[in-house]
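Contents: one structure, followed by commentary.
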Amino acid sequence: MTAPRPTAESPSAPVFVGVGASRDAPVDEVLALIADCLAEAGHAPAAVAALATVDVKADEPALREAAERFGVELWTYPAAALAAVAVPHPTRAALAAVGTPSVAEAAALLAAGPGAWLVVDKRKSAPPCGPPAATCALALPGPGPGPAPPADAPTGGRKPPPAARRPGAGPARRHPSDQR
């Protein structure tokens, strides 16, 4: 007998964090936003399974530092893969900046896998002064085969089982410096 899949009410459910950030966003602003979203959803920081973003932000120091502090990988996806994901809050600003109408929501949903759903829609950071420098959304896996890392993410020498791959999700990649 298999254990039931965690639900939104379960603090042990794996949470996939989609993040967007302006160039040189302060790491404290990104971390505070993620913490606020996790608290809103009733999930502990330990529930974070991965941070996900658009591939052009793979080198963004705040995003890399946030992933490191959560002890998870930063998964990146091409803008075209993110643009193919239906989201509740697309913006022209994101489309103009990085080539997709959504980063945070689309990345969270794509990372969480088929049937994923948003437990926290896109939120913007609230710095004490100046415009927001980050966005965040949280997704939980749906009833599908479960989340799978981007195709070229490190797997400890093992390939994910065929059922874990997400057909049609488009290629995803990590920054070249993360390749082994």
| field | Karplus-derived 3J(HN,Hα), 6.51/-1.76/1.60, for each residue of the range 101-111, Hz, glycine and proline x | value | x, 8, 10, 4, 5, 5, 5, 4, 5, 5, 5
| In terms of modelled amide H atoms, which long-range or inter-chain residues lie less than 5 Å from the amide H of A52? | V17, G18, V19, W75
| remark: By the C-alpha gyration tensor axes a ≥ b ≥ c (rounded if a/c is under 1.5, else prolate when a/b exceeds b/c, else oblate), the shape of the range 19-80 is prolate
| task | Provide the per-residue ³J(HN,Hα) series for the range 124-134, in order, calculated from phi with Karplus coefficients 6.51, -1.76, 1.60 and θ = phi - 60°, each as a whole number of Hz, with x at glycine and proline positions. | result | 9, 5, 10, x, x, 8, x, x, x, 10, 8
| Whole-Hz Karplus ³J(HN,Hα) for the range 14-19, in order, using 6.51 cos²θ - 1.76 cosθ + 1.60 and θ = phi - 60°, x for Gly and Pro? | x, 10, 9, 9, x, 9
| note | Residues whose built amide H sits under 5 Å from the amide H of V120, excluding neighbours closer than 5 in sequence, are L138
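How much length would be gained if the chain were fully extended between A44 and H89, taking 0.36 nm per residue of separation minus their Cα-Cα distance, in nm to one decimal?
Values: separation 45, 0.36 × 45 = 16.20 nm, distance 2.50 nm.
Stretched out fully, the A44 to H89 stretch lengthens by 13.7 nm.
Each reported figure results from applying straightforward, stated rules to the coordinates on display, with no laboratory input. Treat the numbers as computed from the prediction; the structure is a model and nothing was measured.
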